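Below: the structure, in structure tokens.
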Amino acid sequence: MGRLIVARLAPFAMGLFTNSPRANSAPARKQNRRVQQARPRPMPAPTPVARKPAVTASRAGVRVNRRVDAPRAGAKPAVHEPRAGLKNLVAAVPRVGARGRRLFSLAARLAIAVTLAWGVLLAVQAGYQYVTTSARFEAKSLVYQATPHVPVDRLQTLLGLEPGTNILAVDTDALQAKIAAEPWVKRASVQRSLPDTLIVEVEEHEAAAALLSGYFYLIDRDGVPFKRLEEGERGELPVITGVDREQLVAGDPRAQAAIRRGLEALTAYQQAPRPRLSEVHVDEGGSVALYTAKTGAALRLGRGEVEPKLARFDALRAALGERAEQLAVVHLDLDAAPGAPERVVASFLDAEAEAAVLARGAGAHKPVSKDIAQEPAAPGPPPAGPARPAKGKSKKKKAVSGNKFASGIPKYD
């Protein structure tokens, strides 16, 4: 009984000695045991972390962590699959040495290269078949500047392209050779311009003279006979004569030298306004004689340089004036002695004109004031009959003018 009273009065006695107003105002409450002893809330179990596959102890020098790397009970061992590759395939070949692996690698590479090359070949073949059969690459246009002897219709005949011809299937070299085979064509060029155009360029020979050597030929400025002379093609071209046909056919340098010599004399003569030439004769020694077309006058240049001799001929024509048209032969090949004046020997077609010129030359040493051109012609005997041609070279000129050249070479084809 006494213990019970003491236990109940003990909390009251303790409050007397404390300064807390709450303790003095009310007695202490009795707390619930469930509140005093609160249990923790249940937490979900943590998710197991994926572990790396266990490492076997077969690796030399590696210590196995049993807690981390040890396989779980009942789990299957992890299997490592190597990546697919040429090296892994070669390494996976069983019971093959290093030499076998090298051979296998070489064979694999060769197979890959052959496969790629075959694929490229098939692609090229397909592309070629497309471009050679497609209508986009059909030859439809022709770019060409017509020449005097190869007009457009003649060129189209030479090309012989049918409608629908593929421009890439055209053999340009064959077409170029076919065009160049034309006599007047010196050089030809055929080019493609994709997708459908052909460009043709033609350069013709320029006829400089005609050549008589067994047959009549047309020659260019280089002295090359490029075709047989046909009717109406000569025009006013002079004829080079004196070239041996056998030497020309055999390609003898003497024939080429004679042609070049004649062309040099012709070119020098045509540099100034002079009477038109009909023939240029070159003999075996290289001596040149020119014959005019109107009167058939012969200008004998001989060998050596041509320009100084033509300058003397120009001075003679200037001195004669209108009587220069009566010249028959002019010798310009006379070599004067050192210190002596140059000489020119000339003969005339008309005897009276020749006598007048000679009288003028004889009177040049006398002090005569009037010109011989102003003197009346000397009276001669009356003509007994019809006028006859003067004797001498003028008669020969008329005799050979029909079927022969002025040099005496017969005209034949």
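The values are calculated or read from the model by the stated rules, or taken from the named source; none is laboratory data. These figures come from a predicted structure and were not determined experimentally. Here the Cβ is made from the backbone with ideal geometry for all residues, glycine too, and neighbour counts use every protein chain on show.
Remarks
- Flag not set for Glu231, criterion: among the acidic types (Asp, Glu) and closer than 19 Å to Pro151 by Cβ.
- The residues listed here are Ala188, Ala174; of these, the one that is part of a strand (DSSP E or B) and among the small types (Gly, Ala, Ser) is Ala188.
- For the residues Tyr144, Tyr217, the requirement of being in the same structural domain as Gln256 (by TED's automatic domain parsing) and of a type outside the set (Lys, Arg) singles out Tyr217.
- Arg192 over 28 Å from Arg234 (Cα atoms) and not assigned by TED's automatic domain parsing to the domain that holds Leu218: yes
- Hits in the stretch 248-288 - residues which are more than 19 Å from Arg300 (Cβ to Cβ) and hydrophobic (A, V, I, L, M, F, W, C): Leu248, Val249, Ala250, Ala255, Ala257, Ile259
- Residue in the stretch 266-276 that is touching a residue at least 60 places away in the same chain (Cβ under 8 Å) and among the aromatic types (Phe, Trp, Tyr) present: no
- The residues listed here are Val239, Val202; of these, the one that is crowded, with 20+ Cβ neighbours inside 10 Å and under 19 Å from Tyr144 (Cβ atoms) is Val202.
- Residues in the stretch 150-165 include at least one that is in a loop (DSSP other than H, G, I, E, B), β-branched (Val, Ile, Thr) and either over 29 Å from Ile259 (Cα atoms) or without any contact (Cβ under 8 Å) to a residue 24 or more places away in the chain (or both).
- Looking across the stretch 303-336, just one residue is under 16 Å from Glu279 (Cβ atoms) and surrounded by fewer than 20 Cβ atoms within 10 Å (Cβ to Cβ), and that is Val329.
- Boolean, Ala293 is without any contact (Cβ under 8 Å) to a residue 60 or more places away in the chain, in contact with a Pro (Cβ under 9 Å, 6 or more places away or on another chain) and closer than 20 Å to Arg343 by Cα: no
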